[in-house]
Structures are given as C-alpha cells and as structure tokens.
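Trainee: A single structure is presented below for examination.
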Amino acid sequence: MKDAAADHSAETIFLADYTPPGWLVEDVSLTFRLAPDATRVLSRIRFRPNPDGTQDRFFLHGEKLTLISARIDGAPVTPDVTDEGLTCAVPDGAFTWETEVEIAPAQNFALEGLYMSNGMYCTQCEAEGFRKITYYPDRPDVMATFTVRIESDLPVMLSNGNPGASGPGWTEWHDPWPKPAYLFALVAGDLIAHPDSFTTQSGKDVALNIWVRPGDEGKCAFGMEALKKSMKWDEEVYGREYDLDIFNIVAVDDFNMGAMENKGLNVFNSSCVLASPETSTDGNFERVEAIIAHEYFHNWTGNRITCRDWFQLCLKEGLTVFRDSQFTSDMRSAPVKRISDVIALRARQFREDNGPLAHPVRPESFREINNFYTATVYEKGAEVIGMLKRLVGDEAYEKACDLYFTRHDGQACTIEDWLQVFTEATGRDLGQFKRWYSQAGTPRLTLRETWDEGTLTLHFSQRTPPTPGQTDKQPQVLPIAVGLIGPDGEEVQETTLLEMTETEQSFSFSGLGARPVASVLRGFSAPVILQRDQDNADRAFLLAHDTDPYCRWEAGRALAKQALMRMITDDAPADPAYLGALTTLLGDETLDPAFRALAMALPSEDDLAQSLADTGHVPDPQRIWDKREAMRDAMADFMPDLLAQLFDAHQVPGRYAPEAAPAAARALANSALALLSRRDGGERARVQYAEADNMTQQLAALSCLLSIGMADDALGAFYDQWQSDRLVIDKWFSLQVAFAAPDQTAATAARLAGHPDFDMKNPNRFRATFGALAASPAGFHHASGAGYRLLADWLIRLDALNPQTTARMSTAFETWKRFDADRQDMIRAELERILSRDGLSRDTSEMITRILA
Ligand code: PHE
Ligand code: ZN
C-alpha cells in the first residue's frame, strides 16, 4: 500500500518555510468573456519587485488553464508552463504582465475556480481556486485592487467592489480595497434581487441585495433582516463600519461549503441563506442568521485584515466564529447558544482531537489546505479567543481589538500579530497562552477535592494525550471559572476565575460554614475534558441548584451519561434517580423551554462510543443504539403525564415566527412528542403532520413517525408536496437514512442513491444521503460492513468529480481505531481500496493516508 500512497504524494508545505513574495501586485484588471465550455480570461497585472523579497524566480500559480498568449510590457513572451503554474524571465523593476487563458466552467465539477450551477456562473477561490481562473501569485499575502469586466448575454453580472460602467452585454466592477485573490468573486446569471438598504453609523447608504434564481424570491426576507442586524451589531459592538456602496449576497445550489466572504459579494450555499416558514426549520433559520453574520463579519476579520499564509487560517476563522457566536448570543439566548456550541464542539472537535486527524489550531504543515477547514481551526480557534477574552477581561479585549483593527488594517497578518496587540494592551506575557495554537489534543483536567474545617481545596491536574507528531505536551493556561453552592442550594461563592498554568495546581476557598458543592468550568470556560469523581447526589444537586446554565446542563448530561454507560457495560436498568431528576427539571416552568429541550437530549452515540473507548471498553455501536433506545423508552414510560402536559402547554398558536421564544417552545413540545410517539402509536404526530403550516412542525412529526416505523404514507405525501423544492428534498433524503433501523441504513442510502432525484454532483444532495449514513453510527458501523463498503464506493466515485467534498466526508472513518478487530479490518480494507485508486486526488489521498497512519 505504501507504493500506492507514494503515487499520489504531493509535497508537504511547512509554516517554517514561509518566505515573502518576490513581487507585489499594484493592481489587476480582468476581462471575462463567458462561455460554458470556452471562457476567455484576459488579465493585466502590474507587478513590482518586493523590497522584502528576493527576485530569483518569477512564478505564477495556474492550474487547468489553456494559455493563449502572454506579454510583458506589451511584448509577447513564452513562459515555461507546468501543471502547477508558469515561470518566465522578467525585467528588473516594475512591469505589466498580460495573459489570455481559456477555461471550461461547464466541465468544472470540483466547484473551485469558475464553475456553473444551474446555468449560472459563479466562482469559489478560497483557498487556492483563483489559480484555476488565471495565472497569478495565488497567495493571501499578495493584495491588490481589482477591476473586472464581464461580457455575456446574461442579465445579471456581478463582481467585487462597486459597480462601474455597463452597456449591452458587459458590466464593469471596481474594488478599491486591496485584497488577496482568494476573495475574488464573479457571478453571472438569470438572477432576481431581493433589494434593501442600510445606513451606516457615519451616514453612508449601502445598497443591499440577495440574488436568487427565479422562484426563490420568497425566501430572502429573513436573510436580509439578518444582514442588517449583523451590520448594526458590528458597528455597535466592534465599532466596524461597512466600506463599499453595495453589499451583494448570491445563493448558489452547488457549493462545497456553507458560504464564502468574498469582498462585497458573498456567495452562499443556498441552504445557508434561503429560508421560509414553510420550507425551513427553526434550526435552519438560526443557522442562516449565524452564517450571514459570520460572512459579513469577515469583512473586517478576514478581508480588511487577512492572513499572511494559510497556516494562519484560524486568525480569521477562529475570530470570526467567535464573533458570530457573540452575535447569536445577543440576538437569542446566550446560555442556549453556549450549550449548543459545547455540544457541537465535543461532537466534532473533540472527536477530531482524539483521532488520527488531530492537529493544532495553527497547523505547521499540510499537503492540501482544503483539508484544514476543520472543527479545530474554526471551533477550537473560537474557543481560544473566548479564553483570551476571559483571561484579559472585556475591557482589555476591546482595547486590544481596536489596536488590531487600526494597526493592521490592509495587512496580511499572523497569530503573532494578533497576540502582540493583547500583550501591548494588557502588559501580559502570552508566551504560555500561545501553546493553545501549537499543541494539538484536548487537555484532560482532573479535579480532586478536599475539605478541612471550613476550607474547600480544589486540586487540579492537567494532561494532554499524545497526538500525531506530538508526543510530549506542555501544560497550558486554563481559565477555570468556579462557583460554590451551599447545602441549602444558595450560592456561597459567585463565579471566580482560576488561572491554572502548572501541571498540578490547587486552589482553596476558606471561611466556609458547611461543605459546598463546587460548580466547575462554568460557561465551559476552557475546551477541556473535565474528569471529576462526583457522585450522582452531587450531580443531581447541581442539576437542581446551579446558577450557571452550562454547569447545570452538564450535571444533567453527566447523570444521563453515567446511567447510559452502566446500561451498556453492566446491563443496568435505566437509572430511576436520573429519570427522577430529569422529571423535576422538565417540570420547572421557570426554566427556558429551550434549555429543557437540551436537557432532554441524550448524549450522542458517538459521544458514548468515545467515552467507552476512553475507559478501556471496545464500543459496540449496535449495543449503544439499543441502550439509547431503551433509555428513551424508559423516559417515555417514566413521565407520560408530564410529557403530555409539556406537549400541550408548548403548542405555539398563530402565525409562525422564527424567533427564539416560539422556537424554544416548539423544541420542547417536539422533544416531548418524540417520546410520546413511542406510546401513542404515532397518533399525535399524525395530527401534527396533517395540521402543520411550517417545516419545523411538519418535519418533527415526520421524524416521529419514521422513528416508530409508521411513516410510509407521510413520506410519500411529503415527497409529492415538496418535490420541486431542492432544499426540502435534501431533508427527505437525509431523514430516511437517519431514521432507518441500523441493519437498513446502508440499504436505504443505496436505494436513495438510485432515486431519480439523487445527483452526486450536488454536494448538498450527496451529503444529505451519505453524510446521514456517516452520522448514523449503528448503521454505518453495522457488523456486515455494508456501510463501510457503500461509503467507500461513493467516495471513490465522487473523488473523480469533487475532491474537496470527498476528502471532507472521508472523516467518517476517523474513529476506526476505537472498534473491534473485525471492524478495523473491514475499515482498513476500504481505506486501502480508496487509496489504491489511480488518479486519487491530493485532497482525499492526504486524508486517507493520515487516517490510516
Ligand atoms: N471562508 C469560508 C467561511 O468560513 C469557508 C470556505 C472555505 C468556503 C473554503 C469555501 C471554501 O466563511
Ligand atoms: Zn469563515
């Protein structure tokens, strides 16, 4: 197998090898003559030598381009062209470079560079897609102003910046802000605008548009409101104003990721911008709002201040995720947002950190940068910012950010630049803190408590297990927020921040009357795994009394997890103490219904599998599934009256609104419905399905019916009702896989892949089908190996068209070492089968190689 791997091996790129560009770009002017199979791209680039670089070799990136002609200062030249770019002899001093190239957007299924989606032209250039459009120094530290001319018969032609002149069949755009090529964008098509406007804090009017295909006009209003809220929020909270006359968003059906922050022209996966009550769930609405905010916030954290090189990706992504989470907390419920973020972090980032793909928030090497748009860079990157803010305090955080924006505006920066403004603003030495950027792996924080005559001492120790390429770990700075609750349920110590810097460290609280219960890691103040010997009585006590919503929720989760673990390892029955504590919590009408809905959700199958592996067991995915089902049956049996009451009391009358409060009520009612359906034969769900006037209620009811195997009629009706809505049909695909019995999961995915509406070229549809397979552990890891085989078959097929999405989805296999020898053998065989394919992409080959290592 080594040989096969070597065939696809590409050069590894190291952070340590960074050198400044030899030439800088003054400005760029591009002309696009659009045609599906033969688009001509003319470039005119003014280069000048970089005084901080060396001019030994003039190299421009370029891939899959047909070079028609090249000139320097008007005179034809003949560059040396390879698969990766070109080199050419160039004059000393400044010069003007011109080329004409031909590309075929209609044949571009990788969805990087210029491609077509439903007859519309669009681009995706991050990270290294611009080199598939024309020859260019395609690296983020080369920033230039762009002028773009688009020629086509299409009615709408867009690019970055402000609109310039236009005439029949052509339009010009000019972007006055220097930007790296990865932020370039072009869109052309038969599009309709949902227009609006925004007046900035200094009184400038900005035209806003969401551009969609005809038929989608009715799904733009919510996204537009989210955009205006984001613009206002960034002014109020970060003092950041928008800087062009126009801000355009375009919805595209075929897109590898969620959305892209191109300067003044954000391009969105249509699933992340389109929303209507009839077709979108509460979760979809919240996600649209957050992603619109995220991309908008990039205008400052990413675009005005960008990354020097791709190793610094977390500089823009971690910070922007942190900013969008602050925004969502402000718009909705902060505790609910925090708990949801913790759930997602554990599910995705802890899983990554504990497996073969673990890497630091700032990686030090890569073969394919597309493989590093990860939960670690994004979500752990955001946690690191949150810790920094907690450590320095809100005021210093604001001061440091202001310094960052003024000092680095217009620059391509590094993590060192970011930390330097904090050092200067606070006088703190952040040397140790910086380990959060370089050390991979999730720290295990162990807590032992002692009590001695009025003094409670918390003894902490930290240890980070080895990760690939990093065996020895140094202690990290851990901000640990702690509070103490007295025996009567009153808080005797309000939240205080302990700063742990050593491997072992103790903190004492004295002058206490009776022994309190410690509420530790409040607000999930550091992204660690807290290991704490706590008895269920203390957990139940915190679940009842903790004033910190995260710790309160966590106490419930710990109880649930304990109970489930004992069911799995010892065949214990569902723990009545847990069921009792949960019943009390759910019946507490003073608690936010969204919080109660979160408390009702059990730890995921994947979470349980990881915990079993951590405690020396070999997880059996089928058994985990069976025991979770048994627990849910026990919940339904234990509190039938309360569930019925919750369901009835949280029906939301009147017109659907996507706001947090009605969404919370629906979340609780639908969580209750899922349990009630196990006993009422689906009666309530059928009524809800028939009466639903919004997708949240309709889909929740359909899920209940699917989970009890009584959805045949509803599934058919749902398809008939929604067959012309792509985003809703994605849901129809994924739900069937997600709710299949484990021995039917692979067969269901295989059957759906044969459905006339299945289109492997559309990443949303592919993910709806095979992402759902990968996200169903008992089905994916079924002992037959059918799940593994099916996914491998389809990854092989997809890789030939779309390497980026294939590589991403290969992470389904990243947990393989947890499982028994039979499963490991089957998975290894599938991974080796993928790796042995001729022409396997660099993206997928890097991922599979790392997973196998
Ligand atoms: N930069 C985008 C974001 O996080 C993500 C993205 C990366 C989109 C690469 C497309 C390609 O907002
Ligand atoms: Zn981003």
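The values are calculated or read from the model by the stated rules, or taken from the named source; none is laboratory data. Only a predicted model underlies this, so the values are computations on that prediction, with no experimental measurement involved. Note that we place each Cβ from the backbone using ideal geometry, even for glycine, and neighbour counts take in every protein chain shown.
Trainee: Out of all the residues in the stretch 356-391, which are within 15 Å of ligand 1 (Cβ to nearest atom) and within 22 Å of E112 (Cα to Cα)?
Mentor: Of everything in the stretch 356-391, those that are within 15 Å of ligand 1 (Cβ to nearest atom) and within 22 Å of E112 (Cα to Cα) turn out to be F366, E368, I369, N370, N371, F372, Y373, T374, A375, V377, Y378.
Trainee: Which one is nearest to the chain's Cα centre (by Cα), of the residues in the stretch 269-312 that are small (G, A, S) and within 12 Å of ligand 2 (Cβ to nearest atom)?
Mentor: Residues of the stretch 269-312 that are small (G, A, S), as a first pass: 270-271, 275-276, 280, 283, 290, 293, 302.
After this cut, where a residue has to be within 12 Å of ligand 2 (Cβ to nearest atom) as well, the list is 290, 293, 302.
Values: A290: 11, A293: 14, G302: 16 Å.
Taking the candidates together, the pick is A290.
Trainee: Restricting attention to the stretch 295-313, and to residues there that are more than 21 Å from A251 (Cα to Cα) and aromatic (F, W, Y), which single residue is nearest to ligand 1 (Cβ to nearest atom)?
Mentor: W310
Trainee: Now for a separate question. What's the total number of residues in the stretch 685-696 that are buried (at least 19 other Cβ atoms within 10 Å of the Cβ) and in contact with a helix residue (DSSP H, G or I) (Cβ under 6 Å, 6 or more places away or on another chain)?
Mentor: Within the stretch 685-696, residues that are buried (at least 19 other Cβ atoms within 10 Å of the Cβ) and in contact with a helix residue (DSSP H, G or I) (Cβ under 6 Å, 6 or more places away or on another chain) number 4.
Trainee: Those residues that are buried (at least 22 other Cβ atoms within 10 Å of the Cβ), outside any loop (DSSP other than H, G, I, E, B) and in contact with a Gly (Cβ under 9 Å, 6 or more places away or on another chain), I need them from the stretch 735-760; list them, please.
Mentor: The answer is V737, T745, A746, A749.
Trainee: Quick check on the stretch 350-369. Is at least one of its residues within 15 Å of ligand 2 (Cβ to nearest atom), surrounded by fewer than 23 Cβ atoms within 10 Å (Cβ to Cβ) and touching a residue at least 60 places away in the same chain (Cβ under 8 Å)?
Mentor: Yes, the conditions are met somewhere in the stretch 350-369.
Trainee: Could you list, in sequence order, all residues of the stretch 489-503 that are hydrophobic (A, V, I, L, M, F, W, C) and out of contact with any Phe, Trp or Tyr (no Cβ under 8 Å at 6 or more places or on another chain)? It would help to see each step written out before you state the result.
Mentor: Of all residues in the stretch 489-503, those hydrophobic (A, V, I, L, M, F, W, C) come to 492, 497-498, 500.
Hits for the stretch 489-503 are V492, L497.
Trainee: Could I ask something else about it? Search the stretch 239-264 for residues that are over 19 Å from S117 (Cβ atoms) and pair each with any residue that is assigned to a loop (DSSP other than H, G, I, E, B) and of a type in the set (A, V, I, L, M) when their beta-carbon atoms are under 7 Å apart and the residues are at least 6 apart or on different chains.
Mentor: These pairs meet every condition: G264/L244.
Trainee: Please go through the stretch 106-135 and give me each residue that is within 25 Å of L191 (Cα to Cα), surrounded by 24 or more Cβ atoms within 10 Å (Cβ to Cβ) and away from ligand 1 (no atom under 16 Å from the Cβ), ordered by number.
Mentor: Scanning the stretch 106-135 gives a single hit, Y121.
Trainee: Now a separate question. Inside the stretch 448-527, counting only strands (runs of 3 or more DSSP E) that do not spill past its ends, which hold 2 or more residues that are more than 20 Å from A540 (Cα to Cα)?
Mentor: The strands (runs of 3 or more DSSP E) meeting that bar are 455-463, 478-485, 491-500, 504-509.
Trainee: Out of T584, T590, which single residue is free of Cβ contacts under 8 Å to residues at least 12 places away in the same chain and surrounded by fewer than 21 Cβ atoms within 10 Å (Cβ to Cβ)?
Mentor: It is T590.
Trainee: Condition first: within 16 Å of ligand 2 (Cβ to nearest atom) and under 21 Å from V288 (Cα atoms). Now tell me which residues in the stretch 235-263 satisfy that.
Mentor: I249, F255, N256, M257, G258, A259, M260, E261, N262, K263
Trainee: Still on this structure, please answer the following. Is at least one residue of the stretch 337-345 away from ligand 2 (no atom under 16 Å from the Cβ), over 30 Å from F766 (Cβ atoms) and among the β-branched types (V, I, T)?
Mentor: Yes, the stretch 337-345 contains a residue that is away from ligand 2 (no atom under 16 Å from the Cβ), over 30 Å from F766 (Cβ atoms) and among the β-branched types (V, I, T).
Trainee: Separate question: Looking only at the stretch 767-809, how many residues end up being of a type outside the set (A, V, I, L, M), away from ligand 1 (no atom under 16 Å from the Cβ) and part of a helix (DSSP H, G or I)?
Mentor: The qualifying residues number 13.
Trainee: Looking for something under 27 Å from the mean Cα position of the chain (by Cα), surrounded by fewer than 20 Cβ atoms within 10 Å (Cβ to Cβ) and modelled with pLDDT of 95 or more - is there at least one such residue anywhere in the stretch 639-658?
Mentor: Looking through the stretch 639-658, at least one residue is under 27 Å from the mean Cα position of the chain (by Cα), surrounded by fewer than 20 Cβ atoms within 10 Å (Cβ to Cβ) and modelled with pLDDT of 95 or more.
Trainee: Within the stretch 812-845, track down each residue that is within 16 Å of ligand 1 (Cβ to nearest atom) and either of a type in the set (S, T, N, Q) or surrounded by 21 or more Cβ atoms within 10 Å (Cβ to Cβ) (or both). Even if it seems obvious, please write down each step before you answer.
Mentor: Kept after step one, since they are within 16 Å of ligand 1 (Cβ to nearest atom), are these residues of the stretch 812-845: 841-843.
Listed by number, the residues that qualify are S841, D843.
Trainee: Suppose the filter is among the hydroxyl-bearing types (S, T, Y), farther than 25 Å from E379 by Cβ and in contact (Cβ under 8 Å) with a residue 24 or more places away in the chain; does S438 pass it?
Mentor: The answer is no for S438.
Trainee: From the list T467, T457, T450, which residue is crowded, with 20+ Cβ neighbours inside 10 Å, at pLDDT 95 or above and β-branched (V, I, T)?
Mentor: Details: T457 fails: crowded, with 20+ Cβ neighbours inside 10 Å; T450 fails: crowded, with 20+ Cβ neighbours inside 10 Å.
Answer to the selection: T467.
Trainee: Go through (1) touching a helix residue (DSSP H, G or I) at 6+ places or on another chain (Cβ under 7 Å); (2) assigned to a strand (DSSP E or B); (3) polar (S, T, N, Q) for N209 and report which single condition fails.
Mentor: (1)
Trainee: Of the conditions (1) over 27 Å from L403 (Cβ atoms); (2) in contact with a helix residue (DSSP H, G or I) (Cβ under 9 Å, 6 or more places away or on another chain), V237 clears all except one; give me its number.
Mentor: Condition (1) is where V237 drops out.
Trainee: Within 16 Å of ligand 1 (Cβ to nearest atom), within 20 Å of E286 (Cα to Cα) and either crowded, with 24+ Cβ neighbours inside 10 Å or under 21 Å from the mean Cα position of the chain (by Cα) (or both) - does that describe any residue in the stretch 205-220?
Mentor: Taking every residue of the stretch 205-220 in turn, none turns out to be within 16 Å of ligand 1 (Cβ to nearest atom), within 20 Å of E286 (Cα to Cα) and either crowded, with 24+ Cβ neighbours inside 10 Å or under 21 Å from the mean Cα position of the chain (by Cα) (or both).
Trainee: Going by the conditions given, is D83 at pLDDT below 95, within 30 Å of A800 (Cβ to Cβ) and not hydrophobic (A, V, I, L, M, F, W, C)?
Mentor: no
Here's the yes/no breakdown for (1) buried (at least 21 other Cβ atoms within 10 Å of the Cβ); (2) of a type outside the set (D, E, K, R); (3) closer than 23 Å to V528 by Cα:
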| position | (1), (2), (3) |
| --- | --- |
| A347 | no, yes, yes |
| V384 | yes, yes, yes |
| L388 | yes, yes, yes |
| A400 | yes, yes, no |
| T423 | no, yes, no |
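Trainee: Looking only at the stretch 18-76, count how many residues are small (G, A, S) and outside any strand (DSSP E or B). Before you say what the answer is, go through the steps one by one.
Mentor: Within the stretch 18-76, the first condition is being small (G, A, S), and the residues that meet it are 22, 29, 35, 38, 43, 53, 62, 69-70, 74-75.
If we keep only those that are outside any strand (DSSP E or B) too, we end up with 22, 35, 38, 53, 62, 74.
Of the residues in the stretch 18-76, 6 are small (G, A, S) and outside any strand (DSSP E or B).
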